[in-house]
Structure formats: C-alpha cells, structure tokens
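Report on the structure given below.
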Amino acid sequence: MTTTREPTRIVTAHRQLEGGGFVVRRPVPTRGLAHVDPFLMIDEMGPVDYAPGEAVGAPDHPHRGFETISYILDGEVEHEDSAGHRGVLGAGDVQWMTAAAGIVHSEMPSRRLQREGGRVHGFQIWVNLPARLKLSRPRYQEVPAARIPQARSADGLAQVRVIAGEALGARAVIDTLTPVVFQDWRLEPGADVTTPIAADHQVIVYVFGGAVALGDGAREVRDGQLAILGAGDVVRLRAASPGDGARLLLLAGVPIGERVVQHGPFVMNTEQEILQAIRDYQSGRLGEITRTADVRQ
Ligand code: FE
C-alpha cells in the first residue's frame, strides 16, 4: 500500500533583484513562507537574454552554516573562492557547495558571456545544515552535465535528471551530508509518473515551465508556483494540459527542526552565532579570494 502525497499549500514566486542586479524568481522565502525545512531559499535566475556587456553576477561574498547548490540550465557561471577553487559551470552542470564553517566566493557570468552576451537560466538553492554540521569543513562537489544520471519512464514521456536522491532507477553521484533529494523533471504531454520519496521527507515541487497536475487529486500547479506536499510515500506528477509539457524541480529533505536565525549569507541557530559569524568574516577568518592579475581586471 502506498499513499500519494497531495499538495497542502501552493505559493507563487515573487521577483526580486539579487547580487550585482540580476532578477530572480523566488518561491522561498516569500511572503508568509520563511523557509521549508530544510530548504532555506530557492532562486530561479532568468531565463534572461543579456546583451554584450550587460550580464551581472554576485561578486565576493561569504556564506556560513548551510549548503548552496548551483544548477545551471543555460549560460556560464565563473566561480572563485577563498579555498582556492576556481572554475566555470556550464549548461547542465551542478556545484554542490557545503559552506559550513565558512567560505568567501564570487559567482559571475563567464568573461565570454560578459563580452558577447547570451542567455542565463539556472537555480541556486540553499539547504540548511543541522547544528552539529554548521561548523564542519567546507567542501565542494562539482559534477559536469555528462555525469548527472538521467532516466526515462517506460512510456518515455517523463524524463528526470537526478542531482540528489534516486528516481526511475537512476541514483545520484552527489553525496549529501543530510538526506536531500534534488531532481529536474521534464514531462511531455500525457506524462503520468509516480516516484517514491521516503515518508520522513518534506517534499516540494517547483514548476518552472508549463503546468503540472499533482497528486491523485490532479491539483494544477503552474509555471512559477511551488507546492508543498503532505504526508505519504509517493509523488505523482502529470502534465496538466494535453497539448503542453512541464518542467519542475522535485526537492525533498528530512526537516532539521532546529531554530533558524538568518542574517544575509549566514544561517545559524542563535543570534550569538550570527554575531560570531560577522566578527569572523570581518576579521578575515572566512578567508579571502586571492586573484592574480590575469584573472580579472
Ligand atoms: Fe554565494
């Protein structure tokens, strides 16, 4: 016997400016919804078409106490950080950064994109860490598009890229510190797929193209909307309209259940820990990015 998870709440993403001035659609946090434990933030960047010289990003900034996941659909993001990592993420690539005790990094459009312009579309998602892991060592997992496992339903109408967790027999290559599911689903018209998610997980679905009919009740969730699902052990996804497909992220994690105190890029359990994070950042203890002249002017 399985129980299908039905939506209990649907919110619409708001738009706002981030970083150096790029627009995001943000379903979490939004008015009346501070976070969905363990997810602190879900940002969809773009899709936006930049003219030459227009593309902007997020210059040097710190993080402490959680993980940031960057998932690029279009464009190129160049990143550098205080631990000496530097690289370019392209379409389909994933960077899973455990900021934990602290890191300073920059996330900018690649120099080619800044020079020539082009399309940028992607996600940044913040996943909280429990108190016992907040000050653990920072780590990176960077996975190129070709190494992200993919699978299709038997009828071929549902396709999934498995960034974390498991779906349709494909298992993620990314290792998570806490149980987290992160899947990018593409539904063709007529798709009707059911996938298990452990009963102790909180499940959310964010639709970023078309419309999805969720659960056995076929509640419609449209482009730019996020649904929080209720208790159960399977998630049922259907393309909502006969002539159109859908894109969605299926996210899930085991709620941490601890107090969340956030100050910008620091997410801790107490105000004192936030003050400590600010002091550590200001005194250079989260590090700084060492740049050589050839990297950027
Ligand atoms: Fe960042």
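The values are calculated or read from the model by the stated rules, or taken from the named source; none is laboratory data. All figures in this text were calculated on a predicted structure; none of them were measured in a lab. No Cβ is skipped: glycine too gets one built from the backbone with ideal geometry, and neighbour counts run over all protein chains shown. These accessible areas exclude ligands, DNA and RNA; they are computed on the full protein's heavy atoms, side chains included. Shrake-Rupley method; radii C 1.70, N 1.55, O 1.52, S 1.80 Å.
Summary table
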quantity	calculated
Meets criteria (within 11 Å of the ligand (Cβ to nearest atom), in contact with a strand residue (DSSP E or B) (Cβ under 6 Å, 6 or more places away or on another chain) and of a type outside the set (S, T, Y)) for Q141	no
Residue identified as more than 16 Å from the ligand (Cβ to nearest atom), closer than 30 Å to H63 by Cβ and among the acidic types (D, E) among D184, D192, D233, D216	D184
Test: residue in segment 102-110 that is away from the ligand (no atom under 14 Å from the Cβ), open to solvent by 10 Å² or more (accessible area, probe 1.4 Å) and assigned to a loop (DSSP other than H, G, I, E, B)	no
Tally, over segment 202-220, of residues that are open to solvent by 30 Å² or more (accessible area, probe 1.4 Å) and within 23 Å of L40 (Cβ to Cβ)	1
Leading residue by the ranking (nearest to the ligand (Cβ to nearest atom)) among those in segment 78-92 that are closer than 19 Å to V24 by Cβ and within 15 Å of the chain's Cα centre (by Cα)	L89
Number of the condition not met by A91 [criteria: (1) open to solvent by 10 Å² or more (accessible area, probe 1.4 Å); (2) out of contact with any strand residue (DSSP E or B) (no Cβ under 6 Å at 6 or more places or on another chain); (3) in a loop (DSSP other than H, G, I, E, B); (4) not basic (K, R)]	(2)
Search result, residues across segment 4-24 that are over 14 Å from A218 (Cα atoms), in a strand (DSSP E or B) and open to solvent by less than 50 Å² (accessible area, probe 1.4 Å)	V11, F22, V24
Scope segment 251-287; condition in contact (Cβ under 8 Å) with a residue 40 or more places away in the chain, loosely packed, with under 12 Cβ neighbours inside 10 Å and at negative phi; matching residues	none
Qualifying positions in segment 66-77 - more than 13 Å from the ligand (Cβ to nearest atom) and either open to solvent by 10 Å² or more (accessible area, probe 1.4 Å) or farther than 23 Å from A99 by Cβ (or both)	L73, D74, G75, E76
Where a residue in segment 179-197 is within 11 Å of A213 (Cβ to Cβ) and its partner, wherever it lies, is part of a strand (DSSP E or B) and of a type outside the set (S, T, Y), with Cβ under 6 Å and at least six apart	L187/A158; L187/A239; L187/A246; A191/A158; A191/A239; D192/R238
Count of residues meeting criterion [over 14 Å from the mean Cα position of the chain (by Cα), within 16 Å of the ligand (Cβ to nearest atom) and more than 26 Å from V254 (Cβ to Cβ)] in segment 17-65	13
Residues satisfying the stated conditions in segment 157-166, i.e. in a strand (DSSP E or B) and within 17 Å of G245 (Cβ to Cβ)	A158, Q159, V160, R161
Residue in segment 25-44 that is open to solvent by 40 Å² or more (accessible area, probe 1.4 Å), within 27 Å of S110 (Cβ to Cβ) and not polar (S, T, N, Q) present	no
Residue under evaluation A154, criteria (1) touching a residue at least 12 places away in the same chain (Cβ under 8 Å); (2) not in a strand (DSSP E or B), criterion not met	(1)
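The rows are residues; the columns are (1) among the β-branched types (V, I, T); (2) in contact with a His (Cβ under 9 Å, 6 or more places away or on another chain); (3) more than 29 Å from K134 (Cα to Cα); (4) touching a residue at least 12 places away in the same chain (Cβ under 8 Å).
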site: G84; (1), (2), (3), (4): no, no, no, yes
site: V88; (1), (2), (3), (4): yes, yes, no, yes
site: D93; (1), (2), (3), (4): no, no, no, yes
site: M108; (1), (2), (3), (4): no, yes, no, yes
